[in-house]
Every structure is written in structure tokens, then in C-alpha cells.
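Structure first, commentary second.
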Amino acid sequence: MTLIGAVPEETWAPPLFYNMELACLFVAAFPYSQYTHAEHYQAAVMPAQVKKPKEKASVEGAVGKIARKIIGMLRNGTFHSIDGLNPAIRKTLDRLNDKPFQKRNGSRKTIYELEEKPYLRTLPMFPFESCEWLYNHKVGPNSHIWFHKRQYSVPSSYINTLMCSITVLLFVSTPHIN
């Protein structure tokens, strides 16, 4: 969404059985992270068709063509980090979007500006941050804390202390531990 600078009213998710957390015969629930993402951007999450998806092949085909063109245009370049590669990909993508159509007036960029952008909403002031709060985690005697079946190291001065954790950032009351 930050790439196009706007938010669509609807986003399409894979079929529900791929991303369900809770399910029964009559109720399907999206994962909490997907729900909070949609809520932050005020967008509806629509499940894609299960048995006969009509959009999937054309979308994946278009993405594949663009990816092959970008890789082909950048194949002779040398990039030493992802920070060097990303601007080159963006510049190449902009060049492809500005390229005029062969059998139609305009380019991908002009079609987007004239036909699609009026239906999009502006981005929220702050970007979405995925987080999960878990309370009352106790630091073990080995100065590690368990979170989603993984151990994270904590300074030894916090052994036997109850902590709040947000993914990998750990807090005791309010100060941030580095």
C-alpha cells in the first residue's frame, strides 16, 4: 500500500481454509493479525473464490511477467545489499509503468492515475505495526524468556522478574531494554 500511496476499499485474501485460526461449520474467523491490518487501513477483507478462482491466474501471470522483465533488465547489475537493490527495482518498475501501451492510448501509470486512483483512500498518518502483547512472562534462571516456543536472552539483572513482551522487544514497566 505504501508503494502506491493509497488504500483500496477491499483486499482479497486466499481461500479461508488457508488462513483460518478458528473454524466450525458455520463460522470462519480470519487471523487476528489480518483483522488488525484491515482495521488499521479501514479495508474489508474479502475471501477469494475456493473452487473456481477466476482472478488468480491472470493476476499471477501479470506479476510473473513484470518480475521477469525486472529481473531481465537488472541481470547485468551488481548489488551488494538489499538497500542497493531496492532503489534499482523501483526505478525499473517506474520505467515499465511509464512505457506506453502498444494497442491502447496511455501507459499503466496514466490508467492508474485516471481510472483507479479516484477510488482509493489516502494512507493513514502512521503505518501499520504488527505486534502481539503477552503479559506476566517470568525471566528464567538462565536469563531467557520464552515466547512462541523460542527463547530470547534478557540481561541477568532481570532474572525472576515478571515482564511484558512484544515480539522481540522487552519492557520492564516502562524502560526499554536494549
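Taking amide H atoms as placed 1.01 Å from N in the peptide plane, the amide H of Ala43 has no partner under 5 Å among residues 5 or more positions away or on other chains. Going from the residue with the fewest nearby Cβ atoms within 10 Å to the one with the most, Val63, Val45, Val139 rank Val63, Val45, Val139. Pairs spanning more than 18 Å between alpha-carbon atoms, out of Lys69/Lys117; Lys69/Lys99; Lys91/Lys117: Lys69/Lys117; Lys91/Lys117. Taking amide H as placed 1.01 Å from N in the peptide plane, Met163 has its amide H under 5 Å from the amide H of Asn136, His137, Lys138, Val139, each at least 5 places away in sequence or on another chain. Distances between placed amide hydrogens fall under 5 Å for Gly106 paired with Phe101, all partners being 5 or more residues away or on another chain. If you take all other residues with their beta carbon under 15 Å from the beta carbon of Tyr119, and give Lys and Arg +1 and Asp and Glu -1, the sum is -3.
The numbers here are math on the coordinates, done by the rules we state, and not lab data. Please read all numbers here as calculations on a predicted model, not as lab measurements. All Cβ positions, glycine included, derive from the backbone under ideal geometry; neighbour counts span all protein chains shown.
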